[in-house]
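First the structure, in the form of C-alpha cells, and then the observations on it.
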Amino acid sequence: MKYILLIHHDEKAWDKLSETERQQIVGQYRQFTQQIKSSGHYLGGAPLQPTSAASSVRVRSGKRLVTDGPFAETREQLGGYFLIDAKDLDEAIGIATRIPAARWGTVEVRPVARPCDDDSIDS
C-alpha cells in the first residue's frame, strides 16, 4: 500500500534556527531517508520551497483566479513529503514518527488512492 507522509512545520521557526541547527536537522533527514531507502519503503520525496514561492489557483464561474502564497494562512505550512510503500497504516505511522519534523511539527499520513487512469498501481 502506498502512503504519502505530508510534513507540516512552522516556516518562521525554521528561519530562526542557526545554521548549525539547520545542518543538524538536514543530517537527520538524510539519515532517515537512507534508512527508508535501505528498508525498501522509500518511493520518493522532496522538500518544498517556502510558501512565499507558492501560487494558489482557483476557477470560479469559468474564470481563473491566481493568488500568491498558500491557500490558507495557518501556523504550520506544508514543507515536504515522502511517498512510501508500507504493509498497512500502522507501519506507515511508525515510519512517520521517525521523520525529524514530527518532533516539532505534524506529519499527516494519508493512503494514496489509485489514479483514475492507471489500473496497474496498487491502491
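Assorted remarks:
- Taken along its principal axes, the alpha carbon cloud of the range 2-111 reaches lengths of 47, 37, 18 Å, longest axis first.
- Cβ-based exposure ranking for Val59, Val26, Val112, Val107, in which fewest neighbours within 10 Å come first: Val59, Val26, Val112, Val107
- With K and R counted +1 and D and E -1, the other residues having a Cβ less than 12 Å from that of Phe82 yield a net charge of +2.
- Relative contact order %, the chain, counting alpha carbon pairs below 8 Å whose residues are six or more apart: 46
- If the chain linking Trp104 and Glu91 were pulled fully straight, counting 0.36 nm for each residue of separation and taking away their Cα-Cα distance, it would gain 2.6 nm.
- Residues Trp104, Trp14, ranked from the fewest to the most other C-beta atoms within 10 Å, line up as Trp104, Trp14.
- By the helix-only formula, in which each DSSP H run with n ≥ 4 contributes -39500 (n - 2.57) and the sum is divided by residues, the chain has a 222 nm mean residue ellipticity of -8500 deg cm²/dmol.
- Theoretical gain in end-to-end length, Lys63 to Lys37 [0.36 nm per residue, Cα-Cα removed]: 5.0 nm
- The region of the chain that goes longest without hitting one of the trypsin sites (Lys or Arg not before Pro) in a DSSP loop, each with at most 16 other Cβ atoms within 10 Å, is 1-74.
We did not get these values from a lab; they are worked out from the coordinates using the rules stated. Every value quoted in this text rests on a predicted model; they were computed, and no experiment measured them. With ideal geometry, Cβ positions are generated from the backbone for all residues, glycine too; neighbour counts draw on all protein chains shown.
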